[in-house]
Each structure stands twice: as C-alpha cells, then as structure tokens.
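*Asks:* Pasting in a structure now, in structure tokens, and then I'll have a few things to ask.
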Amino acid sequence: MHNIYFTKAAPQHLKTLLQWLEEPHMKEFWDNSAEHREDIIIFTEGRLRPSPYFQGLFSYWVGFINNEPYSLIMTHEENENTNPPVYMRPYLSSAGKTIGLDFCIGNPKYLGKGLAAPTLKSFMSYFQKEIDSIVDTFFIDPFLDNPRACHVYKQAGFKVQCEFTQDRGFFKNKKGVLMTKTLKNKTAIE
C-alpha cells in the first residue's frame, strides 16, 4: 500500500508543476496556455492579483506518494451561481456541494502504475473529510479522444452522464463526456 496524501499547491511546488506541463503526456490533454500557467503561479502566491484564467476559480492540489510529488488535481465549485454549462445543471448536487475536478499523473515516473483510480478515490475522500464535508458530488469531464482517462474514471466510481462540446477556452470545440461521482456516505468513499 502506498502512502498517498495531498496538499494545496504552494511556491515550493511551482517548478515541478511547470515542468510537468512540458511533459508530452501532459501536453496531449492539458491546457498549456500562458493563461493557465499564470493562474497556477497566481494560486501558489495566494491569489493576491487577478487571474487571466477563468477569473481564478480553480484551486490546485499536489498529490504525493511516499513523499514524492506525482499528481496534480484542479478543483472548482459548480453551482447555479457559477453559471455552469447547461449540460451540467441536471447533475448538480441538490443537498450538498458539487466539485469539478481535473486530474493528471504529472510525474512520468508514476505513469502506468495503476495509481490514477486510487488517487482519485483518495482525493475525494480527503476533500470531503478535510476540506468541505458538505461536498457530495464530484464532476470530471475527459475528452472522448482520451478513452484511457474515461476508463480510469469509471474505475474510480464515476458514471457517464452525457456528452458535450467544449464551448470556450483552450479546448474549444473538443468533444467530451461529463462523468459524476455521488457520495453515498459523507464520511467515506466506497
């Protein structure tokens, strides 16, 4: 069993995170725009200035395994006030909060090791227990041209809800699938 834990991205993680964004496996499916990089920097500095990237709505988390950074997770809350896309609205939590996720194994040393699904499960549990106990729904939205991610997310308990076409940002016009994970118990992920 691996020792997996998470922490908010901070200045000491910045060099590693920016290096990960240069990895070929990251460039294929992650936003490598200057605005996204700037948002990561602004976040690690404590969001003391406005962000050019989605008005600074994202939080960034670094996953560690055996005390080595290996994954990056982006989170943001989705609710009626955040003006989510129409296709997401039917799946928003009615009793708690909904958190959108973006996830990657950034460190190439840990690719293909079967860590993605366990990492996502661990992160959702961590987030609910340590960050916000009201969260009961998670969204993730891989692109259809990334079947490996769709498979991994299903292993982590996500269910496909609908397909969509991205209408803005770095991935405008790409086709994706909305997947959701609703927690049955607010103290544990099954």
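The values are calculated or read from the model by the stated rules, or taken from the named source; none is laboratory data. All values reported here derive from a predicted model rather than from experimental measurement. Reconstructed Cβ throughout: ideal geometry from the backbone, glycine too, with neighbour counts over all protein chains shown. Accessible surface areas use protein heavy atoms only, side chains included; no ligands, DNA or RNA. Shrake-Rupley method; radii C 1.70, N 1.55, O 1.52, S 1.80 Å.
*Asks:* Out of the residues in the range 162-179 that are part of a strand (DSSP E or B), touching a helix residue (DSSP H, G or I) at 6+ places or on another chain (Cβ under 9 Å) and touching a residue at least 40 places away in the same chain (Cβ under 8 Å), which is surrounded by the fewest Cβ atoms within 10 Å (Cβ to Cβ)?
*Replies:* C162
*Asks:* Let me ask another. Against the definition (open to solvent by 70 Å² or more (accessible area, probe 1.4 Å), closer than 23 Å to K121 by Cα and among the aliphatic types (A, V, I, L, M)), how does A9 come out, yes or no? Outline the logic, then answer.
*Replies:* Values: open to solvent by 70 Å² or more (accessible area, probe 1.4 Å): no; closer than 23 Å to K121 by Cα: yes; among the aliphatic types (A, V, I, L, M): yes.
So A9 does not fit the description; no.
*Asks:* I'd like the full set of residues that are at pLDDT 95 or above and among the small types (G, A, S), limited to the range 1-45.
*Replies:* Correct list: A9, A10.
*Asks:* Which numbered condition in (1) closer than 28 Å to A10 by Cβ; (2) modelled with pLDDT under 95; (3) in contact with a Phe, Trp or Tyr (Cβ under 8 Å, 6 or more places away or on another chain) is the only one that Y87 fails?
*Replies:* The one condition Y87 does not meet is (1).
*Asks:* Right, something else. Of all residues being closer than 23 Å to D167 by Cβ and of a type in the set (S, T, Y) in the range 12-58, which is surrounded by the fewest Cβ atoms within 10 Å (Cβ to Cβ)? Just the residue, please.
*Replies:* S33
*Asks:* So, one more: Would a scan of the range 86-96 turn up a residue that is in contact with a Pro (Cβ under 8 Å, 6 or more places away or on another chain) and under 24 Å from Q55 (Cα atoms)? Quick ask: steps written out before the conclusion?
*Replies:* Of all residues in the range 86-96, those in contact with a Pro (Cβ under 8 Å, 6 or more places away or on another chain) come to 92.
Pick out the ones that are also under 24 Å from Q55 (Cα atoms) and you get 92.
So far as the range 86-96 goes, yes, one or more of its residues are in contact with a Pro (Cβ under 8 Å, 6 or more places away or on another chain) and under 24 Å from Q55 (Cα atoms).
*Asks:* Name the residues in the range 171-188 that are modelled with pLDDT under 70 and farther than 14 Å from D132 by Cα, would you? Steps first, answer last, please.
*Replies:* Of all residues in the range 171-188, those modelled with pLDDT under 70 come to 171-172, 184-188.
Across the range 171-188, the qualifying residues are F171, K172, K184.
*Asks:* Among the residues of the range 69-102, how many are free of Cβ contacts under 8 Å to residues at least 40 places away in the same chain, open to solvent by 20 Å² or more (accessible area, probe 1.4 Å) and touching a helix residue (DSSP H, G or I) at 6+ places or on another chain (Cβ under 9 Å)?
*Replies:* Total satisfying the criteria: 3.
*Asks:* For the range 104-161, which residues satisfy the criterion of being open to solvent by 30 Å² or more (accessible area, probe 1.4 Å) and in contact with a Leu (Cβ under 6 Å, 6 or more places away or on another chain)?
*Replies:* D141, Q161
*Asks:* Would you be able to say whether some residue in the range 29-42 is over 27 Å from R148 (Cβ atoms) and in contact with a strand residue (DSSP E or B) (Cβ under 8 Å, 6 or more places away or on another chain)? Write out each step before concluding.
*Replies:* Initial filter on the range 29-42 (over 27 Å from R148 (Cβ atoms)): 34, 38, 41-42.
Next, only the ones that are in contact with a strand residue (DSSP E or B) (Cβ under 8 Å, 6 or more places away or on another chain) stay: none.
Checked against the condition, which is being over 27 Å from R148 (Cβ atoms) and in contact with a strand residue (DSSP E or B) (Cβ under 8 Å, 6 or more places away or on another chain), the range 29-42 yields no hits at all.
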